[in-house]
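Here's the structure we're looking at; comments come further down.
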Amino acid sequence: MSVRARFAPSPTGPVHIGNIRVAIFNWLYARHEGGRFLLRVEDTDRERSTPEALRVLLDALEWLGLDYDEPPLYQSTRIAAYQAAAKHLIRGGHAYRENKDGKGECVMFRMPGADIFYKDEIKGELHKRAEDLKDFLIVRSDGHAVFHLANVVDDIEMRVTLIMRGDDHVENTYRHVAMFRALGAEPPKYAHLPMIVNAQGKPYSKRDGDAFVGDFRDKGFLPQALFNYLTLLGWSPGDDREKLSREELINLFTLDRVKSGPAQVDLKKLLHLNGRYMAELPAETFVAGARRQLCACDWWRDVDDAYLRQVCALMQSRARIYPQVEEWKHFFFDAPDYEEKAVKKILGKGNDRALFGALKTRLESAAFTVEAVERALRAVETDLGLGHGHANQPVRVAVTGRSTGAGIAETLALLGKSRVLVRLDHALARLSG
RNA sequence: GCGCCCAUCGUCUAUCGGUCAGGACACCAGGUUUUCAUCCUGGUAAGCCGGGUUCGACUCCCGGUGGGCGCGCCA
């Protein structure tokens, strides 16, 4: 029988990276096995399920490339099936009506009274004694099915062959196994994934605002980096490889390599991985991403595409994440914002006045190619008796306002003659003031 | 409280009785780029504790400790 795995979130809020990791693992498993990856939306909690949350969920799946092979099953459309299943269980003696605490009549599932065993694909052989397995509610007194009933009925309907979910569901599994049998179905395989915890080593809570998938996208992380990183939490290929393409991951992913203890998220490692993915982005993709990010800067004003492309060519290898383009302001304005730290550290020592003056003279008559700028810089150093390369940093600060950036000759050549000259004047004015 | 699960550098992990316990992030030092980033080289850093079993235990067993999860007319 071919493999069918599912992701079954309830759209009651923003999608959490812990949840999306469950989706990724299911997707990987299904793809590895050549089976199907299914989506089921558990939207029976009408109080908390919202269309907005559903949209966020679907967006997150699409962003990460988690495509599903059949139309999603919405539990809100399955009310009749749950009621039928409950009736069926009652008829078969597996469930009974009860009026607990005078709240009205509800339906309880009758546990079989025997120990229950199942083999978890990740945690191994598990079992629970009959005396620890109490009857439990499956239909509320208002007639609505609870999670357990809906979950099992739908997993039967969807012909799911393996249920992979967070290990907070381990205890539920005994009940579900019993229900599968009572419903005349063979229980599927189960695999319970360890949780992931925040940087403090604690389970993610509502307060971890940055743990939502959408936040990672907003912060400029690449989906392939987040995808790759999340697979490394609680799983490894068994060798030293870490940066793995989607295809490699599909190929390598097996449940027997999933760890069973909780793993802590390390944003620094994610950022590092992101930088590696950024570096190998096609230039066009990087330009588009950078432009999107630049548009969000309060100082941004549109520039022509060719110029932006050149800035990107210079800066792509230096960017680990898109928001760093905010440091590119000096490429787009005539007067740089001088960074005080850089000025204090680099300018004003020695004869920067003479340096900038001499450089102006040289550059005024120079063609603004990288080579010509480089020659002018070296010539000025010689003229003033400076060591080779000693003009670079003062000039960088004078022209860009910062102490870091791309190659100095490349930067000047790109900025162009008029801007560079104006900025040297600014720097000279600063030195006088 | 009861039940279950887990336990290797700060973090993610490799190891399925015999390894100088390996890799990655982070950190430190050096090199390249006289900037920065990348990159390269090197370094600091780990088997929770206590008992067994064994010629030999990170690995198997037991106990302890620590952490996680579950015990809803939530999902």
With +1 on the Cβ of every Lys and Arg and -1 on the Cβ of every Asp and Glu, and nothing else charged, how large is the dipole of chain A about its Cα centre, in debye rounded to the nearest 20? 580
Looking at chain A, which longest stretch skips every one of the chymotrypsin sites (Phe, Trp or Tyr not before Pro) that is in a DSSP loop with at most 15 other Cβ atoms within 10 Å, leaving the sites themselves out? A:1-298
Taking segment A:279-370, which trypsin sites (Lys or Arg not before Pro) meet the DSSP loop condition and have no more than 16 other C-beta atoms within 10 Å? A:301, A:349
Per principal axis, largest first, the Cα atoms of segment A:78-193 extend in Å by 41, 31, 24
In chain A, what % of DSSP beta bridges are antiparallel (nearest 5)? 50
D (µm²/s, integer) via Stokes-Einstein for segment A:173-309, Kirkwood Rh across alpha-carbon pairs, 4 °C, 1.567 mPa s: value 71
Dimensionless Rg/Rh of chain A - Kirkwood Rh, Rg from C-alpha atoms: 1.18
Stokes-Einstein translational diffusion, segment A:234-335 - Kirkwood Rh over all Cα pairs, 0.692 mPa s, 37 °C, in µm²/s: 203
SASA check, residue A:241, accessible area w/ 1.4 Å probe, all protein chains in place, rounded to nearest 10 Å², comes out at 100
Rounded to the nearest 500, the 222 nm mean residue ellipticity computed for chain A from DSSP H runs (n ≥ 4, each -39500 (n - 2.57)) alone is -13500 deg cm²/dmol
Quick one: check the C-alpha center-to-center distance for segment A:13-70 versus segment A:129-159, whole angstrom. 22
If you fit an axis through the alpha-carbon atoms of helix A:51-63 and take the longest principal axis of the Cα set of chain A, what angle between them do you get, 0 to 90°, nearest 10? 60
Does anyone have the angle between helix A:305-315 and the longest principal axis of chain A? Alpha-carbon axes, 0 to 90°, nearest 10? 80
Taking only protein heavy atoms into account and a 1.4 Å probe, give the accessible area per residue of segment A:89-195 in Å². 48
Scan of chain A for GluC sites (Glu not before Pro) in DSSP loops with at most 15 other beta-carbon atoms within 10 Å gives a longest site-free stretch of A:281-433
Within the accessible area of segment A:282-331 (1.4 Å probe), percent carbon and sulfur: 50
Under a 10 Å cutoff between Cα atoms, tell me which one of A:255, A:222, A:363 has the largest fluctuation in the Gaussian network model of chain A. A:363
Tilt relative to chain A, helix A:370-384 - C-alpha long axis, 0 to 90 degrees, to 10: 50
Quick one: Cα centre-to-centre distance for segment A:331-385 and segment A:83-122, in angstrom? 81
Segment A:282-331, convex hull of Cα, quarter of hull surface, nm² -> 3.1
Find the eigenvalues of the gyration tensor of the Cα atoms of segment A:289-433, then list the square roots of 5 times those eigenvalues as equivalent ellipsoid semi-axes, largest first, in whole angstrom. 26, 16, 13
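The values are calculated or read from the model by the stated rules, or taken from the named source; none is laboratory data. This is a predicted model, so every value here is computed, not measured. Because the Cβ atoms are built from the backbone with ideal geometry, glycine has one as well, and the counts that use them run over all protein chains shown. Ligands, DNA and RNA are stripped out before the accessible areas are found, and what is left, the full protein with its side chains, is counted by its heavy atoms. Shrake-Rupley method; radii C 1.70, N 1.55, O 1.52, S 1.80 Å.
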